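The values are calculated or read from the model by the stated rules, or taken from the named source; none is laboratory data. Since the model is a prediction, treat every value here as computed from it, not as a measurement. Here Cβ is always computed from backbone atoms with ideal geometry, including for glycine, and neighbour counts include all displayed protein chains. Only protein heavy atoms, including side chains, enter the accessible area calculation; ligands, DNA and RNA are left aside. Shrake-Rupley method; radii C 1.70, N 1.55, O 1.52, S 1.80 Å.
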Amino acid sequence: MAEITIQMLTEYNKFGRIVGTVPGDFKPNFMIKPHQFLSYAESNLNEGTPHGLLDCLSNSKRAIECQVDSLLTYIGIYDVIKKKKYGFPSKIKVLNDVGIVSPRILTKVNKSRNLLEHSYQIPDKEKVEDAFDVAYLFVLCTERYLNIGTYSFSLECDCRFGEEIDTDFYPEQGKPTYGGFYEIILNPGPKTIYIEAHLRDWETNDPIELPDKQVSFESEEYYEYLRFFLKLYDLINVR
């Protein structure tokens, strides 16, 4: 039986467009949020005392770690990782693997956290300020993923049913063999990616039947489809 595959979905690169829904808020069930830790860190920094510098560094670290756990909760694997007792480097590597955190950001975050290893030294104020800035930027640049909520994309494989299409736009293949769209939905509640195909034969307009596909976070395919989903999100939500 035919099924929807990543290769099928990537055909939007050849023809069509992407339409995304309006995002909603996703709120992890943590009593203290990353932004609150950042607020504490900023107050600590403004104290200008050795004690304040240490507290600023500590709260900056908490802001980063809380944001990492929030992101892992959103993509549906926080509970699994918690049971496996993943350390911070392993957690953030997961985010790197699905495309949320870039290697450059990963390096800066680790450097900032490593300042706390020298626990018997008063940290240099400039380094503490840098660590706070890294924490602030990390939370800021990853916050948009937590604003996705239940988000869906429509990948259109032609203009729309019944519309004429400019074949000059397709010099290699002429008209596509089918038209329509795929609907891709990420739901952070049940932690699933759900895909529906709404396709028709380009010449006859007969429907092309493909079963809906549901990929849960327990599936081996989940990361592959999650990477694809987040790539779509980045394409239409460039900051």
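I'm told residue 218 meets every condition in (1) open to solvent by 20 Å² or more (accessible area, probe 1.4 Å); (2) modelled with pLDDT under 85; (3) within 15 Å of the chain's Cα centre (by Cα) except one. Can you identify the failing condition by its number?
Going through (1) open to solvent by 20 Å² or more (accessible area, probe 1.4 Å); (2) modelled with pLDDT under 85; (3) within 15 Å of the chain's Cα centre (by Cα) one by one, residue 218 breaks only (3).
Just checking, does region 75-87 include any residue being more than 17 Å from the chain's Cα centre (by Cα), exposed (fewer than 13 other Cβ atoms within 10 Å of the Cβ) and either small (Gly, Ala, Ser) or at pLDDT 90 or above (or both)?
yes
Read through the list (1) β-branched (Val, Ile, Thr); (2) at pLDDT below 70; (3) more than 24 Å from residue 9 (Cβ to Cβ), then give the number of the only condition that residue 167 fails.
(3)
For the list (1) under 29 Å from residue 234 (Cβ atoms); (2) open to solvent by less than 50 Å² (accessible area, probe 1.4 Å), I need the number of the one condition that residue 53 fails.
Unmet for residue 53, out of (1) under 29 Å from residue 234 (Cβ atoms); (2) open to solvent by less than 50 Å² (accessible area, probe 1.4 Å): (1).
Specify the residue that is modelled with the highest pLDDT; the eligible residues are those in region 181-213 that are part of a loop (DSSP other than H, G, I, E, B) and open to solvent by less than 40 Å² (accessible area, probe 1.4 Å).
Once the filter is applied, the top-ranked residue is 210.
Looking at region 101-115, can you tell me whether even one residue there is at pLDDT 85 or above and either surrounded by 18 or more Cβ atoms within 10 Å (Cβ to Cβ) or of a type in the set (Ser, Thr, Tyr) (or both)?
no
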